[in-house]
Amino acid sequence: MKLPEDALLAIGAGAQGIYVSNHGGRQLNGGPAAFDVLHDIAQAVNHRVPIIFDSGVRRGSHVFKALASGADLVALARPVIYGLALGGASGVASVINELNHELLIDMQLAGTSTTADVKQAKLLRNKN
């Protein structure tokens, strides 16, 4: 798989953004997780178009890590749907408030005060 190269091909074909997601499950057995390729895709794209990340985002720390790995936007799906199912509009608001609260704590622990600061944060990467 050449995912960074695929992103560049998409931009060359006129894409105005790159959406990095596993769409709820890997379609190829043994395919890479979306988060595992986010950093390399972001480096290849090099701010030419926005990168939207979505895949398994359940906590504020997941949002932090996605932003620090190169995402410009982080999409929330399941947590918001769960909030909607359990509490309607107030359930959705509760989920978003909790994620924001968790993100703020992670930002404080990392010494960042803005999302621009988070995007400059360096994460250690496991290389197996």
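Take residue 94 and decide whether it is in a helix (DSSP H, G or I), of a type in the set (Ser, Thr, Tyr) and either more than 18 Å from the chain's Cα centre (by Cα) or modelled with pLDDT under 95 (or both).
yes
For the list (1) outside any loop (DSSP other than H, G, I, E, B); (2) out of contact with any strand residue (DSSP E or B) (no Cβ under 7 Å at 6 or more places or on another chain), I need the number of the one condition that residue 52 fails.
Against the list (1) outside any loop (DSSP other than H, G, I, E, B); (2) out of contact with any strand residue (DSSP E or B) (no Cβ under 7 Å at 6 or more places or on another chain), residue 52 comes up short only on (2).
Determine if the stretch 72-90 includes at least one residue that is out of contact with any Ser or Thr (no Cβ under 6 Å at 6 or more places or on another chain) and within 14 Å of residue 4 (Cα to Cα).
The answer is no, given that none of the residues of the stretch 72-90 is out of contact with any Ser or Thr (no Cβ under 6 Å at 6 or more places or on another chain) and within 14 Å of residue 4 (Cα to Cα).
Does the stretch 18-32 contain any residue that is under 15 Å from the mean Cα position of the chain (by Cα), closer than 19 Å to residue 4 by Cβ and hydrophobic (A, V, I, L, M, F, W, C)?
Checked against the condition, which is being under 15 Å from the mean Cα position of the chain (by Cα), closer than 19 Å to residue 4 by Cβ and hydrophobic (A, V, I, L, M, F, W, C), the stretch 18-32 yields at least one hit.
Quick one: which of 11, 81, 41 is over 22 Å from residue 123 (Cα atoms), in contact with a strand residue (DSSP E or B) (Cβ under 9 Å, 6 or more places away or on another chain), of a type in the set (A, V, I, L, M, F, W, C) and surrounded by 12 or more Cβ atoms within 10 Å (Cβ to Cβ)?
11
How many residues, within the stretch 109-128, are part of a helix (DSSP H, G or I) and either under 24 Å from residue 23 (Cβ atoms) or within 19 Å of the chain's Cα centre (by Cα) (or both)?
7
Given the options 57, 37, 63, name the one that is in contact with a helix residue (DSSP H, G or I) (Cβ under 8 Å, 6 or more places away or on another chain), among the β-branched types (Val, Ile, Thr) and assigned to a loop (DSSP other than H, G, I, E, B).
Selected residue: 57, the only one of 57, 37, 63 that is in contact with a helix residue (DSSP H, G or I) (Cβ under 8 Å, 6 or more places away or on another chain), among the β-branched types (Val, Ile, Thr) and assigned to a loop (DSSP other than H, G, I, E, B).
All but one of (1) under 28 Å from residue 8 (Cα atoms); (2) surrounded by fewer than 18 Cβ atoms within 10 Å (Cβ to Cβ); (3) in contact (Cβ under 8 Å) with a residue 40 or more places away in the chain; (4) not hydroxyl-bearing (Ser, Thr, Tyr) hold for residue 59, so report the exception by its number.
The one condition residue 59 does not meet is (1).
Mind listing whichever residues of the stretch 95-122 are over 19 Å from residue 54 (Cα atoms) and in contact with a Leu (Cβ under 9 Å, 6 or more places away or on another chain)?
121
The values are calculated or read from the model by the stated rules, or taken from the named source; none is laboratory data. Not measured: the values here are computed from a predicted model. Every residue, glycine among them, receives a Cβ derived from its backbone with ideal geometry; neighbour counts consider all protein chains shown.
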